[in-house]
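Colleague: The structure is given below, and queries will be raised subsequently.
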Amino acid sequence: MKAVVIYKHGEPEVLEMTELSTPQPGPGEVLVRVHACALNHLDLWVRRGIPSLKLSYPHILGSDVAGIIHEVGDGVSLEVGQKALISPGLSCGKCKECLSGRDNLCRYYGILGEHLNGGYAEFVKVPMQNILPYPEPLSFEEAACLPLVFLTGWQMVFSKAKVKAGEWALVMAAGSGVSTAIIQLLKLSGSIVIAAAGSEDKLNRARELGADFTINYRQTDYLEEVKKITHRRGVDVVFDHTGAENWNKSLACLTWGGRFVTCGATSGYSVPLDLRHVYYRQLSILGSTMGSKGDLFHIVQLAMERKIKPVLYRILPLKEAAEAHRILENREVIGKVVLKISDS
């Protein structure tokens, strides 16, 4: 099979097109012919290198996969030829956390494309429990935009922050894949959404997705704008995965008893924290990674009912994976960049 792989960490140039043996599904496993694979910032981090992550080379990136079931192993009831969307989180399936519906807390939890080979290839092999119902009538490219960002957003909005109707929410980096998902989920919850981004194109898209107020944080002080919009009250929840660059200011946007939810740190991991503000104002700081496999069934159903929609920015062929990484890195993307793998 054709695949784009890395043999070492580095810049986008380390992504190489090559030929590999097609994986064979064992008992309980499914081989999917990949039609589309969406990129995430996780792909960039794995390519550059994460200190705690040890890869086996050649390694294939790509967490968000849509395609067609090509072959099944023993004990699999799924049909060859049916469309499939893949849940990107993998776990042991038998520990207390997995059996309690909290599989993303499994000590063996991993993510497709990070901890094992992913979707930058013509075929990918996954456990049968990672096959989701296909969200008709979406194209493969649109469907691939759903899993990781909407699963992450679902846990952040509903499981972590437990957002209620009428609450104020600030969404930073509103043009990112996860933030476009969070905005849509917040509107389903009935909250009031302030979206902040660094370009008017991103803010226009945020308004189309339901944002009630928008702030260009490259042209104005977003903390002061939040104060104006909320009449100095502040917001109940901040969703911010930008990390060190905006940490202090985003925390200051919270009202007393507010919640700060993060799923990443794109501008840096180390942040200063004055604990007096946390305990005196009774703030909650909540970390979030992925979500339960079961939550993706809600997301697929909402997509089928057109209550949420993928935000597809650009489609490129597999051979241009390095260029897709450059596009994602330049921070002009609104939503998702997708690699088109197969038409057959």
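Colleague: Six or more apart or on different chains, Cβ atoms under 6 Å: show the pairs whose first residue is in segment 98-126 and on the phi > 0 side of the Ramachandran plot and whose second is surrounded by 19 or more Cβ atoms within 10 Å (Cβ to Cβ) and of a type in the set (S, T, Y).
Modeller: G101/S292; G113/S63
Colleague: I would also like to ask the following. Given R47, R33, which one is touching a residue at least 12 places away in the same chain (Cβ under 8 Å), out of contact with any helix residue (DSSP H, G or I) (no Cβ under 6 Å at 6 or more places or on another chain), assigned to a strand (DSSP E or B) and of a type in the set (K, R)?
Modeller: Selected residue: R33, the only one of R47, R33 that is touching a residue at least 12 places away in the same chain (Cβ under 8 Å), out of contact with any helix residue (DSSP H, G or I) (no Cβ under 6 Å at 6 or more places or on another chain), assigned to a strand (DSSP E or B) and of a type in the set (K, R).
Colleague: Any idea which of M290, M304 is out of contact with any helix residue (DSSP H, G or I) (no Cβ under 9 Å at 6 or more places or on another chain), touching a residue at least 60 places away in the same chain (Cβ under 8 Å) and of a type in the set (A, V, I, L, M)?
Modeller: Criteria check complete, one pass: M304.
Colleague: Take the residues in segment 323-344 that are of a type in the set (D, E, K, R) and surrounded by fewer than 23 Cβ atoms within 10 Å (Cβ to Cβ); name whichever of them is modelled with the lowest pLDDT.
Modeller: D343
Colleague: Scan segment 41-60 for residues that are more than 12 Å from H9 (Cβ to Cβ) and either of a type in the set (A, V, I, L, M, F, W, C) or touching a strand residue (DSSP E or B) at 6+ places or on another chain (Cβ under 7 Å) (or both) and report the count.
Modeller: The qualifying residues number 3.
Colleague: May I pose another question? Tally time: how many residues in segment 5-30 are open to solvent by 30 Å² or more (accessible area, probe 1.4 Å), within 30 Å of D74 (Cα to Cα) and not aliphatic (A, V, I, L, M)?
Modeller: Residues flagged as open to solvent by 30 Å² or more (accessible area, probe 1.4 Å), within 30 Å of D74 (Cα to Cα) and not aliphatic (A, V, I, L, M) within segment 5-30 amount to 8.
Colleague: Just to be sure, is L312 within 24 Å of V32 (Cβ to Cβ) and not charged (D, E, K, R)?
Modeller: Against the criterion (within 24 Å of V32 (Cβ to Cβ) and not charged (D, E, K, R)), L312 qualifies.
Colleague: Residues that are within 23 Å of L223 (Cα to Cα) and in contact with a Lys or Arg (Cβ under 8 Å, 6 or more places away or on another chain), at least 1 per element: which strands (runs of 3 or more DSSP E) completely within segment 247-344 meet that?
Modeller: In segment 247-344, 254-262, 284-287 are the strands (runs of 3 or more DSSP E) which contain 1 or more residues that are within 23 Å of L223 (Cα to Cα) and in contact with a Lys or Arg (Cβ under 8 Å, 6 or more places away or on another chain).
Colleague: Given the structure, is I299 surrounded by fewer than 16 Cβ atoms within 10 Å (Cβ to Cβ), touching a residue at least 24 places away in the same chain (Cβ under 8 Å) and of a type in the set (V, I, T)?
Modeller: Criteria not met by I299.
Colleague: Against the condition within 30 Å of K83 (Cβ to Cβ) and in contact (Cβ under 8 Å) with a residue 60 or more places away in the chain, how does V261 come out, does it pass?
Modeller: no
Colleague: Can you pull out the residues in segment 167-214 that are part of a strand (DSSP E or B) and touching a Lys or Arg at 6+ places or on another chain (Cβ under 8 Å)?
Modeller: If the condition is that a residue be part of a strand (DSSP E or B) and touching a Lys or Arg at 6+ places or on another chain (Cβ under 8 Å), then W168, V193, A195, T214 are the ones that fit.
Colleague: Follow-up question, since we're still on this one. Pull up segment 186-200, narrow it to residues that are within 19 Å of the chain's Cα centre (by Cα) and buried (at least 24 other Cβ atoms within 10 Å of the Cβ), then point me to the one that is nearest to D103 (Cα to Cα).
Modeller: This residue is L186.
Colleague: Also, I was wondering about something else. In this structure, is I285 in contact with a Phe, Trp or Tyr (Cβ under 6 Å, 6 or more places away or on another chain), open to solvent by 60 Å² or more (accessible area, probe 1.4 Å) and of a type in the set (A, V, I, L, M)?
Modeller: yes
Colleague: Let me ask something additional. Name the one entry in R218, R233 that is in a loop (DSSP other than H, G, I, E, B), in contact (Cβ under 8 Å) with a residue 60 or more places away in the chain and surrounded by fewer than 20 Cβ atoms within 10 Å (Cβ to Cβ).
Modeller: Matching residue, one of R218, R233: R233.
Colleague: Now a separate question. Would you confirm whether any residue within segment 260-267 is among the β-branched types (V, I, T) and in contact with a helix residue (DSSP H, G or I) (Cβ under 6 Å, 6 or more places away or on another chain)?
Modeller: Yes, there is a match, as at least one residue in segment 260-267 is among the β-branched types (V, I, T) and in contact with a helix residue (DSSP H, G or I) (Cβ under 6 Å, 6 or more places away or on another chain).
The values are calculated or read from the model by the stated rules, or taken from the named source; none is laboratory data. Only a predicted model underlies this, so the values are computations on that prediction, with no experimental measurement involved. Neighbour counts run over all protein chains shown; Cβ positions are idealised from the backbone, glycine included. Side chains included, ligands, DNA and RNA excluded: accessible areas come from the protein's heavy atoms. Shrake-Rupley method; radii C 1.70, N 1.55, O 1.52, S 1.80 Å.
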